[in-house]
Amino acid sequence: LKFKKKINILFVTSSRADYGYLKELITKTRKDRNFSTKVIVTGSHLNKNFGLTYKEIIKERIKIFKKIKIQKFSDSTHSIIECISKTIKTFGKFFLKTKTDILILVGDRYEIFGVAVAAYLAGIKIAHIGGGEVTGGSFDDSFRHSISKMSYLHFASHNLYKKRLIQLGEDPDRTFVTGNLSLQ
């Protein structure tokens, strides 16, 4: 494909888990001249208790555009609320200053939910990987489905998840089954 202009793609990764899904896609978009690809690391990537995993990204020769520290690591309700609030505020300021055509997010974590809220309010189109899935007994489903509702494009890992996204009201023409990206 040839585009009229370079598409500014921004990936946000907050953990080793979501980076596993994004790694190959980041590598492919970086090699394609139609895209200007940037990567932001946040969340547990920047926490010593989780091994400062952003260093693994650097070892793989993926340039990190920006590190954004957003959270204190605790599962308390108060900490989660503060983290979401800080994430929306911090990423909101960033999105209002940065030219981004599409933001690619994976998942269902509260910090990614905060990123999605900020992007949505800033008018940035979101491509969501992993929508339509279900995790019983946690906040994750609510965050995942909320991110899906704010997203423009949907990349589901299975036909069942695509069907669920369409049942949630998402446009079938912008909902694709890609399989599990971490297995490709």
Tally, over segment 143-176, of residues that are open to solvent by 80 Å² or more (accessible area, probe 1.4 Å) and either under 18 Å from Ala119 (Cα atoms) or touching a residue at least 60 places away in the same chain (Cβ under 8 Å) (or both)
2
Taking Arg30 and the conditions (1) of a type outside the set (Phe, Trp, Tyr); (2) closer than 25 Å to Gly179 by Cβ; (3) buried (at least 23 other Cβ atoms within 10 Å of the Cβ), which numbered condition does it fall short on, given that it satisfies the others?
(3)
Six or more apart or on different chains, Cβ under 7 Å: which pairs go from a residue in segment 93-119 that's closer than 20 Å to Glu82 by Cβ and touching a residue at least 60 places away in the same chain (Cβ under 8 Å) to one that's of a type in the set (Ser, Thr, Tyr) and buried (at least 24 other Cβ atoms within 10 Å of the Cβ)? Could you list them?
Arg109/Ser14; Glu111/Ser14; Glu111/Thr42; Glu111/Thr87; Ile112/Ser14; Val115/Thr87
Neighbours by Cβ (under 9 Å, 6+ apart or cross-chain): first from segment 46-57, among the aromatic types (Phe, Trp, Tyr); second open to solvent by 80 Å² or more (accessible area, probe 1.4 Å):
Phe50/Arg16; Tyr54/Lys67
Count of residues meeting criterion [open to solvent by less than 60 Å² (accessible area, probe 1.4 Å), within 14 Å of Leu103 (Cβ to Cβ) and assigned to a helix (DSSP H, G or I)] in segment 117-142
3
Subset of segment 1-25 [touching a strand residue (DSSP E or B) at 6+ places or on another chain (Cβ under 9 Å), of a type outside the set (S, T, N, Q) and closer than 22 Å to Gly123 by Cα]
Phe3, Lys6, Ile7, Ile9, Leu10, Phe11, Val12
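The values are calculated or read from the model by the stated rules, or taken from the named source; none is laboratory data. These figures come from a predicted structure and were not determined experimentally. Because the Cβ atoms are built from the backbone with ideal geometry, glycine has one as well, and the counts that use them run over all protein chains shown. Only protein heavy atoms, including side chains, enter the accessible area calculation; ligands, DNA and RNA are left aside. Shrake-Rupley method; radii C 1.70, N 1.55, O 1.52, S 1.80 Å.
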